Amino acid sequence: MVRIERETDQDSVAEVAKRHGVSDATIYIWRKKFGQLDTDEVKRLKALEAENVRLKKLLVAA
């Protein structure tokens, strides 16, 4: 996601979206959510989100 979002620095959002088979809106959402993060930070964010989902499921099951 970050790599694709970074491509918009070189090409238009429409071109990048078409090249990767996603909508323009998806690119804008990624830009808003991940625009200021580097790749390592995004990986950490995804890991924390996955852990949060896992913990919520455990709480519901308890």
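Bear in mind that the values in this text are calculations on the coordinates, not laboratory data. This structure is a prediction, so every number in the text was calculated from the model and none was measured. No Cβ is skipped: glycine too gets one built from the backbone with ideal geometry, and neighbour counts run over all protein chains shown.
Computed values, structure above
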item	result
Options [x] 1.02; [y] 1.61; [z] 1.15 - which one matches Rg/Rh (Cα atoms, Kirkwood Rh) as calculated here	[z]
Neighbour-count ranking [beta-carbon atoms within 10 angstrom, fewest first] of 53, 60	60, 53
Net length gained if the chain between residue 24 and residue 53 were fully extended (0.36 nm per residue, minus Cα distance)	7.7 nm
